[in-house]
Amino acid sequence: MEYIVFLDRDGVINIDSSEYIKTESEFEFVPKSPEAIALLCKNGFHIIVITNQSLIGRKMATRKALDAIFKKMKDGVKKAGGDIKDIFFCPHTPEDNCSCRKPEPGLILDARKKYGIDLAQSCMVGDSATDIECARNAGCAKSLLVKTGNGSTAQHRLVEKGITPDYIASDLYEAACWIIDNVKR
């Protein structure tokens, strides 16, 4: 059985931007995020990135540019000793009303189908209310909110919606430590 940790990208792994991350040069890791992923991998967890990337639907970047960003992310994580098993992304805009854009669970359900994942044994880490809602909608066992990125704003939205994440961490490294200590493998 593989134990999966789903990670949002922008604001969790890399520093987010209201202007979107459109090129590889704009991608910058949140401090200690590659090490956090490596720590999870060393403790028996597999990492799958689940990310909304509407910059494709908005024609702000090409798929080739997005792939270069993903490569930079994967290479940085590998250099730290970790591995990203796969990346699932939604290229649609909110107006497209697709089933893969978070908070809809489509990306996680696609990953479950591809890898035979037991969602009752999985976690989702994100920095937005939609990440936590996505985890709940998909049936993930645990959802963690990080304060990097949009985490502070997300806390208020989640309170308004009556949704409580299982843990609120200052960053991905703290979230990784909590997962290792609290998720049975």
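The values are calculated or read from the model by the stated rules, or taken from the named source; none is laboratory data. Worth saying up front: this structure is predicted, and the values here are computed from it rather than measured. Counting neighbours? That spans all protein chains shown, and the Cβs are built from the backbone with ideal geometry, glycine included.
Within segment 111-133, residues that are among the acidic types (Asp, Glu) reach partners that are part of a helix (DSSP H, G or I) with beta carbons closer than 6 Å, at six or more positions or on different chains, in the pairs 127/151.
Would you please name the residue that is surrounded by the most Cβ atoms within 10 Å (Cβ to Cβ), looking only at residues in segment 32-51 that are charged (D, E, K, R) and out of contact with any Asp or Glu (no Cβ under 9 Å at 6 or more places or on another chain)? Steps first, please.
First, pick out the residues of segment 32-51 that are charged (D, E, K, R): 32, 35, 42.
Of the ones still in play, those that are also out of contact with any Asp or Glu (no Cβ under 9 Å at 6 or more places or on another chain) are 35, 42.
Values: 35: 17, 42: 11.
Result: 35.
Out of the residues in segment 136-153 that are in a loop (DSSP other than H, G, I, E, B) and surrounded by fewer than 20 Cβ atoms within 10 Å (Cβ to Cβ), state the one that is nearest to the chain's Cα centre (by Cα). Of everything passing the filter in segment 136-153, 147 is nearest to the chain's Cα centre (by Cα).
Among what's in segment 93-118 and is out of contact with any strand residue (DSSP E or B) (no Cβ under 8 Å at 6 or more places or on another chain) and surrounded by 15 or more Cβ atoms within 10 Å (Cβ to Cβ), pick the residue that is nearest to residue 46 (Cα to Cα). Checked segment 93-118; the qualifying residue nearest to residue 46 (Cα to Cα) is 112.
Inspect all residues belonging to segment 75-87 and state whether any of them is free of Cβ contacts under 8 Å to residues at least 24 places away in the same chain, surrounded by fewer than 17 Cβ atoms within 10 Å (Cβ to Cβ) and of a type outside the set (Gly, Ala, Ser). The answer is yes; a qualifying residue exists. On inspection, residue 59 does not qualify as under 26 Å from residue 92 (Cβ atoms), at pLDDT 95 or above and either surrounded by fewer than 16 Cβ atoms within 10 Å (Cβ to Cβ) or not β-branched (Val, Ile, Thr) (or both). For segment 20-74, the tally of residues that are charged (D, E, K, R) and over 17 Å from the mean Cα position of the chain (by Cα) stands at 8. Restricted to segment 85-135, and to residues there that are assigned to a loop (DSSP other than H, G, I, E, B) and charged (D, E, K, R), the residue that is farthest from residue 149 (Cα to Cα) is 118. Filtering segment 154-178 to residues that are over 17 Å from the mean Cα position of the chain (by Cα) and polar (S, T, N, Q) leaves only 164. For residue 133, the conditions (1) under 21 Å from residue 14 (Cβ atoms); (2) under 15 Å from the mean Cα position of the chain (by Cα) all hold with the exception of (1).
Does residue 109 meet the test of being at pLDDT 95 or above, in contact with a helix residue (DSSP H, G or I) (Cβ under 9 Å, 6 or more places away or on another chain) and more than 22 Å from residue 180 (Cβ to Cβ)? Give the steps one after another, and end with the answer.
Details: at pLDDT 95 or above: yes; in contact with a helix residue (DSSP H, G or I) (Cβ under 9 Å, 6 or more places away or on another chain): yes; more than 22 Å from residue 180 (Cβ to Cβ): yes.
Here the answer is yes, as residue 109 does meet what is asked.
Within segment 56-63, does at least one residue satisfy the condition of being out of contact with any Gly (no Cβ under 8 Å at 6 or more places or on another chain), closer than 24 Å to residue 123 by Cβ and part of a loop (DSSP other than H, G, I, E, B)? Looking for residues that are out of contact with any Gly (no Cβ under 8 Å at 6 or more places or on another chain), closer than 24 Å to residue 123 by Cβ and part of a loop (DSSP other than H, G, I, E, B), one finds none in segment 56-63, hence no.
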